[in-house]
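Here's the structure, in C-alpha coordinates; my notes come after.
The values are calculated or read from the model by the stated rules, or taken from the named source; none is laboratory data. Not measured: the values here are computed from a predicted model. Don't worry about glycine lacking a Cβ; one is built from the backbone with ideal geometry, like all the others, and counts go over all protein chains shown. SASA here: full protein model, heavy atoms, side chains in, ligands and nucleic acids out. Shrake-Rupley method; radii C 1.70, N 1.55, O 1.52, S 1.80 Å.
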Amino acid sequence: LSVGRYPALAMEELSAGDIIISEIMHDPQNSLYYRGEWFELYNNSGFDININGMVVGGAITEGFFVGENILFEAGAYIVLAAKQEAELNGGVPSVAYGYNRSGFRLNSNDIVGIANSLGTVITVARPA
(Lines give C-alpha, C1' and ligand atoms only; values in the text may rest on other atoms or scores of the structure.)
Protein backbone atom coordinates (compact mmCIF):
# COMPACT_ATOMS: atom_id res chain seq x y z
CA LEU A 1 0.00 0.00 0.00
CA SER A 2 1.50 3.30 -1.04
CA VAL A 3 0.72 6.91 -0.29
CA GLY A 4 1.88 9.02 -3.21
CA ARG A 5 5.36 7.74 -3.97
CA TYR A 6 6.06 6.53 -0.42
CA PRO A 7 4.95 3.10 0.76
CA ALA A 8 3.19 2.80 4.11
CA LEU A 9 5.00 0.87 6.83
CA ALA A 10 3.97 -2.76 7.23
CA MET A 11 2.93 -3.98 10.69
CA GLU A 12 6.09 -6.10 10.81
CA GLU A 13 8.21 -2.92 10.69
CA LEU A 14 6.69 -1.45 13.86
CA SER A 15 8.11 -1.25 17.36
CA ALA A 16 6.53 -0.89 20.79
CA GLY A 17 4.78 2.48 21.08
CA ASP A 18 4.30 3.09 17.34
CA ILE A 19 0.55 2.56 17.83
CA ILE A 20 -1.20 3.58 21.04
CA ILE A 21 -4.62 2.44 22.26
CA SER A 22 -6.15 5.82 23.05
CA GLU A 23 -9.70 4.86 24.07
CA ILE A 24 -11.70 1.70 24.80
CA MET A 25 -15.52 1.52 24.83
CA HIS A 26 -16.29 -1.75 26.62
CA ASP A 27 -19.68 -0.85 28.13
CA PRO A 28 -21.63 1.33 25.65
CA GLN A 29 -24.75 3.19 26.72
CA ASN A 30 -26.11 4.10 23.25
CA SER A 31 -26.46 0.61 21.78
CA LEU A 32 -26.93 -3.01 22.70
CA TYR A 33 -23.90 -4.07 24.71
CA TYR A 34 -22.25 -6.28 22.12
CA ARG A 35 -22.94 -3.96 19.17
CA GLY A 36 -21.37 -0.84 20.61
CA GLU A 37 -17.96 -2.11 21.63
CA TRP A 38 -15.02 -0.35 19.98
CA PHE A 39 -11.52 0.88 20.60
CA GLU A 40 -9.53 3.77 19.16
CA LEU A 41 -5.91 3.69 18.04
CA TYR A 42 -3.43 6.54 17.55
CA ASN A 43 -0.58 6.30 14.99
CA ASN A 44 2.44 7.52 16.96
CA SER A 45 5.03 6.22 14.47
CA GLY A 46 5.50 9.36 12.37
CA PHE A 47 4.75 7.31 9.23
CA ASP A 48 1.65 5.99 7.48
CA ILE A 49 0.95 2.34 8.37
CA ASN A 50 -0.83 -0.44 6.52
CA ILE A 51 -2.60 -2.34 9.34
CA ASN A 52 -2.91 -5.52 7.26
CA GLY A 53 -1.35 -8.13 9.55
CA MET A 54 -2.39 -6.48 12.83
CA VAL A 55 -3.10 -9.03 15.56
CA VAL A 56 -5.50 -7.93 18.33
CA GLY A 57 -6.01 -9.99 21.45
CA GLY A 58 -7.04 -10.02 25.07
CA ALA A 59 -5.55 -11.74 28.12
CA ILE A 60 -7.68 -14.77 27.36
CA THR A 61 -7.27 -16.67 24.04
CA GLU A 62 -9.69 -14.54 22.04
CA GLY A 63 -8.63 -12.14 19.32
CA PHE A 64 -8.66 -11.33 15.64
CA PHE A 65 -6.36 -10.66 12.70
CA VAL A 66 -6.76 -7.75 10.26
CA GLY A 67 -6.40 -9.34 6.83
CA GLU A 68 -7.01 -6.41 4.51
CA ASN A 69 -5.12 -3.31 3.44
CA ILE A 70 -6.21 -0.35 5.57
CA LEU A 71 -4.21 2.87 5.60
CA PHE A 72 -3.56 4.37 9.05
CA GLU A 73 -2.12 7.83 8.47
CA ALA A 74 0.68 9.27 10.60
CA GLY A 75 -0.68 11.24 13.56
CA ALA A 76 -4.24 10.04 12.93
CA TYR A 77 -6.78 8.10 14.97
CA ILE A 78 -8.81 5.11 13.75
CA VAL A 79 -11.59 3.07 15.32
CA LEU A 80 -11.98 -0.72 15.23
CA ALA A 81 -15.47 -1.81 16.29
CA ALA A 82 -17.77 -4.81 16.66
CA LYS A 83 -20.17 -3.17 14.18
CA GLN A 84 -19.17 -0.78 11.37
CA GLU A 85 -22.61 0.77 10.89
CA ALA A 86 -23.22 3.90 12.99
CA GLU A 87 -26.89 3.01 13.47
CA LEU A 88 -25.85 -0.28 15.12
CA ASN A 89 -22.72 0.73 17.06
CA GLY A 90 -24.13 3.60 19.10
CA GLY A 91 -23.29 6.38 16.65
CA VAL A 92 -19.58 5.93 15.86
CA PRO A 93 -19.57 7.37 12.31
CA SER A 94 -16.22 6.28 10.93
CA VAL A 95 -15.04 2.75 11.67
CA ALA A 96 -11.87 1.63 9.89
CA TYR A 97 -12.39 -2.08 10.59
CA GLY A 98 -15.28 -4.14 11.92
CA TYR A 99 -14.30 -7.27 13.84
CA ASN A 100 -16.31 -10.35 14.76
CA ARG A 101 -17.32 -9.98 18.39
CA SER A 102 -17.76 -13.72 18.84
CA GLY A 103 -13.95 -13.95 18.57
CA PHE A 104 -13.05 -10.84 20.60
CA ARG A 105 -14.86 -9.11 23.45
CA LEU A 106 -13.95 -5.95 25.33
CA ASN A 107 -14.43 -6.84 28.98
CA SER A 108 -13.82 -4.37 31.80
CA ASN A 109 -11.40 -6.74 33.56
CA ASP A 110 -9.43 -7.72 30.46
CA ILE A 111 -6.62 -6.13 28.45
CA VAL A 112 -6.36 -5.23 24.79
CA GLY A 113 -3.09 -5.90 23.04
CA ILE A 114 -1.87 -5.05 19.53
CA ALA A 115 0.94 -7.06 17.95
CA ASN A 116 2.24 -7.96 14.51
CA SER A 117 2.50 -11.40 12.92
CA LEU A 118 6.11 -11.69 14.15
CA GLY A 119 4.89 -11.49 17.75
CA THR A 120 6.18 -7.96 18.44
CA VAL A 121 3.86 -6.34 20.98
CA ILE A 122 3.12 -2.79 19.83
CA THR A 123 0.80 -1.66 22.64
CA VAL A 124 -1.32 -2.98 25.53
CA ALA A 125 -4.08 -1.23 27.47
CA ARG A 126 -6.77 -2.03 30.03
CA PRO A 127 -10.29 -0.55 29.90
CA ALA A 128 -10.76 2.16 32.53
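Below, the figures for the structure above:
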item: Zone of GLU23's modelled label, taken as backbone nitrogen in the range 48-84 under 15 Å from a point 7 Å along Cα→Cβ; result: 76-82
item: Accessible surface, 1.4 Å probe, highest first, among residues VAL121, VAL92, VAL66; result: VAL121, VAL92, VAL66
item: J(HN,Hα) series, the range 81-97, from Karplus relation 6.51 cos²θ - 1.76 cosθ + 1.60, nearest Hz, glycine and proline x; result: 9, 5, 9, 7, 7, 4, 6, 9, 9, x, x, 6, x, 10, 9, 6, 8
item: Cα-only radius of gyration and Dmax that characterise the range 12-117, units Å; result: 13.1, 37
item: Protein accessible area in the chain, 1.4 Å probe - carbon and sulfur %; result: 49 percent
item: Surface per residue (accessible, 1.4 Å probe) for the chain, Å²; result: 52 Å²
